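Some notes on the structure that comes next.
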Amino acid sequence: QVQLVESGGGLVQPGGSLRLSCAASGFTFDGYAIGWFRQAPGKEREGVSYISRGGGSTYYTDSVKGRFTISRDNAKNTVYLQMDSLKPEDTALYYCATAPRALGNSRWRVGEYDYWGQGTQVTVSS
């Protein structure tokens, strides 16, 4: 069955770094673009980053540009989100999800994605 498993979250101090992983199985990984989303308590789910099937195109929401880097290793069926210079505002449950087709501006819409992982918690606090 299709499965996405996020890992790498944890508690980190402001200014610190974490690398999240999204391990995929049960489908042709390199046939799908992948998005990272996050959801803080009481807030709507927010698109964070997006990477094309081959990894050649990447996109970031304005609040994380220059701090986060998305990448993928198709040989390992894994997408990564390197998060540097973390801020308390980054605290959220982070999800990865599969895009069923190439997305334009709709890449930021939760409803465009089909499969989701269970999420990994990131907490940024001193």
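Below is a table of values for the structure above.
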quantity	calculated
Residues of the stretch 58-118: accessible area per residue with a 1.4 Å probe, Å²	51
Average Cα contact separation per residue, the chain, under 8 Å, 6 or more apart, as relative contact order %	36
Carbon plus sulfur fraction of accessible area for the stretch 1-60, probe 1.4 Å, in percent	43
In the stretch 1-75, GluC sites (Glu not before Pro) in a DSSP loop with at most 10 other beta-carbon atoms within 10 Å	E44
Among G47, G56, G15, residue whose mean-square fluctuation peaks in a GNM of the chain (springs only between Cα atoms under 10 Å)	G56
Inter-part distance where the stretch 104-126 and the stretch 1-72 are each reduced to a Cα centre, Å	7
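The values are calculated or read from the model by the stated rules, or taken from the named source; none is laboratory data. All of these numbers come straight from a predicted model, not from anything done at the bench. Cβ coordinates were reconstructed from backbone atoms using ideal geometry, including for glycine residues, and neighbour counts include every protein chain displayed. Surface accessibility is based on the protein's heavy atoms, side chains included, excluding ligands, DNA and RNA. Shrake-Rupley method; radii C 1.70, N 1.55, O 1.52, S 1.80 Å.
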